[in-house]
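Colleague: This is the structure, below, for whatever I ask next.
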Amino acid sequence: MMDLLLPMLGNHQSLINIIEATRGKSEDEVGYFGRNAATLAVKVDKGVLEGRDFSDTVIKGADFTSVSLRGLKLTGTSLNESRYNT
């Protein structure tokens, strides 16, 4: 399914907007929307999250192990079940 969606995602800004729309919401409200948007965005561009401010968003269950997170702000972000390199 991911392979079918990727060609339709010429502009990753809509995916970034979805992540930002989770700001201030609970995990119960947004579930895995933030993770799904982040996953699709980094499939298109592994550096797309660099320098972004995702403070207080919900990115539950994301896999950040093979992407660049340089300068990414995640203060107060719900990252339950997420994986990333430290």
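The values are calculated or read from the model by the stated rules, or taken from the named source; none is laboratory data. This is a predicted model, so every value here is computed, not measured. Calculation scope for accessible area: heavy atoms of the full protein, side chains included, ligands and nucleic acids excluded. Shrake-Rupley method; radii C 1.70, N 1.55, O 1.52, S 1.80 Å.
Colleague: For the chain, what does the relative contact order come out to in percent, with C-alpha contacts under 8 Å and a separation of six or more?
Modeller: Once normalised by length, the contact order is 27 percent.
Colleague: So for Arg52, Arg70, Arg83, Arg23, what's the accessible-area order with a 1.4 Å probe, most first?
Modeller: If we order Arg52, Arg70, Arg83, Arg23 from most to least accessible, we get Arg70, Arg83, Arg23, Arg52.
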